[in-house]
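Every read-out reported here was derived from the displayed coordinates using simple, explicitly stated rules and does not represent laboratory data. Note that this is a predicted model, so its numbers are computed, not measured. We place every Cβ from the backbone using ideal geometry, glycine too, and count neighbours over all the protein chains shown.
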Amino acid sequence: MAIRVKREVCCYCGGCSAVCPRNALDLIDTYLYIRKDLCIMCKNCIKVCPLKAIEVVE
Ligand code: SF4
Ligand code: SF4
């Protein structure tokens, strides 16, 4: 299980990055990098995203 960002939906607001307890989301300009090795699947980012741009994938 991992998270995935729907890049065509994301507006680069940075909200997900701000609530990640592991700093697993790095917003650099208009690209959101996911550090899957750091993610603990707390789903904070999914809950906070205003556009529902983050989903869980198997
Ligand atoms: S699920 Fe939690 S740990 Fe993983 S990227 Fe989102 S906020 Fe960070
Ligand atoms: S909270 Fe959602 S819209 Fe904002 S940067 Fe994260 S994935 Fe993109």
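Of all residues in the stretch 2-21, which are outside any strand (DSSP E or B) and touching a strand residue (DSSP E or B) at 6+ places or on another chain (Cβ under 7 Å)?
Going through the stretch 2-21, the residues outside any strand (DSSP E or B) turn out to be 6-21.
Passing the criteria: Lys6, Cys10, Tyr12, Gly14, Cys16, Ser17.
Among residues belonging to the stretch 22-35 that are part of a loop (DSSP other than H, G, I, E, B) and surrounded by 11 or more Cβ atoms within 10 Å (Cβ to Cβ), point out the one that is nearest to ligand 2 (Cβ to nearest atom). Reasoning before the result, please.
Keep residues of the stretch 22-35 that are part of a loop (DSSP other than H, G, I, E, B), which gives 22-24, 29-30, 35.
Subsequent filtering for residues that are surrounded by 11 or more Cβ atoms within 10 Å (Cβ to Cβ) retains 22, 24, 35.
Working: Arg22: 15, Ala24: 12, Arg35: 14 Å.
My answer is Ala24.
Identify the single condition in (1) within 9 Å of the chain's Cα centre (by Cα); (2) on the phi > 0 side of the Ramachandran plot that Asp26 does not satisfy, given that it satisfies every other one.
Asp26 satisfies every listed condition except (2).
Yes/no matrix, rows are residues, columns are (1) within 11 Å of ligand 1 (Cβ to nearest atom); (2) touching a residue at least 24 places away in the same chain (Cβ under 8 Å); (3) of a type in the set (S, T, N, Q):
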{"residue": "Met1", "(1), (2), (3)": "yes, yes, no"}
{"residue": "Cys11", "(1), (2), (3)": "no, yes, no"}
{"residue": "Val19", "(1), (2), (3)": "yes, yes, no"}
{"residue": "Leu25", "(1), (2), (3)": "yes, no, no"}
{"residue": "Ile28", "(1), (2), (3)": "no, no, no"}
{"residue": "Leu32", "(1), (2), (3)": "yes, yes, no"}
{"residue": "Ile46", "(1), (2), (3)": "yes, yes, no"}
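Could you please find all residues in the stretch 45-58 being assigned to a helix (DSSP H, G or I) and buried (at least 18 other Cβ atoms within 10 Å of the Cβ)? Can you show your working first?
Keep residues of the stretch 45-58 that are assigned to a helix (DSSP H, G or I), which gives 45-48.
Scanning the stretch 45-58 gives a single hit, Cys45.
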